[in-house]
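These notes concern the structure reproduced below.
The values are calculated or read from the model by the stated rules, or taken from the named source; none is laboratory data. Keep in mind the model is a prediction, meaning the values are calculated, not measured. So basically every Cβ, Gly included, is an ideal-geometry build from the backbone, and we count neighbours across all protein chains shown. To get the accessible areas, we keep the full protein, side chains included, count just its heavy atoms, and leave off ligands, DNA and RNA. Shrake-Rupley method; radii C 1.70, N 1.55, O 1.52, S 1.80 Å.
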Amino acid sequence: MDEKYDKKAFKFYRNLIAFGIILYILLNNLHMIWHYFNIFLGILTPFLAGGFVAFILNIPLKLFEEKIFKKWQPKKKGGKRAVCMLLTLLSLALIIFLLIYIVGPRVQASLISVVEKLPEFENQLVKIPVLKDYEENIHEIFSKININSAQKALIDYIKNANTDLFNTIVSRVGSVLNTLFGVLMGFVFAIYALISKEDLSRKSKELLYSALPERWSDKLVKLGKIIFENFYNFFTGQFIEALVFGAMCFVGMLIFRFPFAPAISIIMGLGALIPILGAYIGVFTGALLILLQSPFKALMFIIFVVVLQQFDGNVTYPRIVGNKVGLPAMFVIVAITVGGALFGVTGMILFVPLFSTIYELLTIYKNKRLKEKGINIKTK
């Protein structure tokens, strides 16, 4: 018994000493480790980006395969995947074309129109009943601002944005070529990943089960499915929500003749990608733009969006999207706050499905433990 205990103690202290030595070496070479980690991350970046692109493109690909061409079964193996992949890429090309040649110029024209109305902003503010008592203060503030100079600078910046971007690209050809190469490699990787996604999934499982015990492999596969489903459902739901809400906002603004309909509708649509807070960001930005033209119309716009959000939340969203991410509103706010503080807008978007995954895993663990203990909370 003592001999067996001594062996266990020896192994424990041996592993503890080895861990201490390794930790000491790592802490004394953090700069070198960080340097090589960045090099390794730079190599992986195109493939990580390609994986994310594949994940996003998989949404319309599944739509084509499982909804539009569900009953079509071509004789040639892989024919359906090839056709649906081609339609997905054509859809992506169409969206990029619309953004660059149709939406972009309209947004630019709207921004220039807003800037041109800056000199009138002072008079519009004074007309607001709540601010009438502060008329002298408003005039004093605007007297210290050179509106005409700021207006000219902003218009020149908006008009020359594309030219400045081109000049920057030309001046940094080497860096841009490397970036383009990385983007191209990532895009090619994404296409190959989508074409052979079932085969990649099968081979990954084979590698996992061959390297780890079956019990651990089952848990990792289940974890992977939960992560994929949460992220997939979130992005699918939010993209549909953004398109539908942006379109409804655009049609409504045209009916009620609100100014800057294209630009504000795009802002509202993009804001819909961020749950809860995105709507407030869109309303504030849109109202501020309209306020430059008419305070009354800005107020009417806020009322219009509130009504539209109620209709969308109670009618459109549940019917089209459903409960894609089963995360309570309180945790959504926490996820957005933490994600925004750490990684900005990207964090706001990504942390919602991440928190949803953690929430689901905790729920599974909680239910399992309560069942093992034979406890029913409803009876307590």
Exercise for review: Provide the per-residue ³J(HN,Hα) series for the range 245-259, in order, calculated from phi with Karplus coefficients 6.51, -1.76, 1.60 and θ = phi - 60°, each as a whole number of Hz, with x at glycine and proline positions.
Suggested key: 5, x, 5, 4, 5, 5, 4, x, 5, 5, 5, 8, 6, 7, x
Review point. Within the set Lys62/Lys222; Lys8/Lys373; Lys67/Lys371; Lys222/Lys371, which residue pairs have Cα atoms separated by over 27 Å?
Key: Lys8/Lys373; Lys67/Lys371
Review point. Label points 7 Å out from Cα along the Cβ direction at Glu206 and Ala341: separation in nm?
Key: 4.6
Review point. When the scattering of the range 205-253 is computed by the Debye formula from its Cα atoms alone, each counted once and equally, what is log10 I(q)/I(0) at q = 0.33 Å⁻¹?
Key: -1.05
Point to revise | Share of carbon and sulfur in the accessible heavy-atom surface of the range 207-266 [1.4 Å probe, %] | key: 72
Point to revise | Rh by Kirkwood over Cα pairs, then Stokes-Einstein D for the range 1-112 at 0.692 mPa s and 37 °C, µm²/s | key: 160
Check your understanding: Which whole-Hz ³J(HN,Hα) couplings does the range 216-230 yield from phi under the Karplus relation 6.51 cos²θ - 1.76 cosθ + 1.60, θ = phi - 60°, glycine and proline marked x?
Key -> 5, 5, 4, 5, 5, 5, 5, 4, x, 5, 5, 4, 4, 5, 5
Point to revise | Restricting the range 37-83 to chymotrypsin sites (Phe, Trp or Tyr not before Pro) in coil, as DSSP defines it, with at most 13 other Cβ within 10 Å | key: Trp72
Review point. So how much slack lies between Lys225 and Ile33, counting 0.36 nm per residue of separation and subtracting their Cα-Cα distance, in nm?
Key: 65.9 nm
Review point. Of Lys197, Lys219, which has the most accessible area and how do the rest follow, probe 1.4 Å?
Key: Lys219, Lys197
Point to revise | Calculated FRET efficiency for the pair Tyr24/Lys62, C-beta based, R₀ 41 Å, to 0.05 | key: 0.25
Practice item. Determine the gain in length on full extension of the stretch Thr285-Phe40; use 0.36 nm per residue of separation and subtract their C-alpha separation, reporting nm with one decimal. Key: 84.1 nm
Study note, to complete from the structure: Here the range 82-89 yields Karplus 3J(HN,Hα) values (6.51, -1.76, 1.60; θ = phi - 60°; whole Hz; Gly and Pro given as x) of 5, 5, 5, 5, 5, 5, 5, 5
Check your understanding: When only the heavy atoms of the protein chains count and the probe is 1.4 Å, how do Asp218, Asp312 rank by accessible area, highest first?
Key -> Asp218, Asp312
Revision key, fill the gap. For Val244, the accessible surface traced by a 1.4 Å probe with all protein chains present amounts, in square angstrom to the nearest 10, to 40
Exercise for review: State to the nearest 20 debye the size of the charge dipole of the range 30-94 about its Cα centre, where the only charges are +1 on K and R beta carbons and -1 on D and E beta carbons.
Suggested key: 620
Check your understanding: What is the local net charge at Leu361, summed over the other residues whose Cβ is closer than 13 Å to its Cβ (Lys, Arg +1; Asp, Glu -1)?
Key -> +4
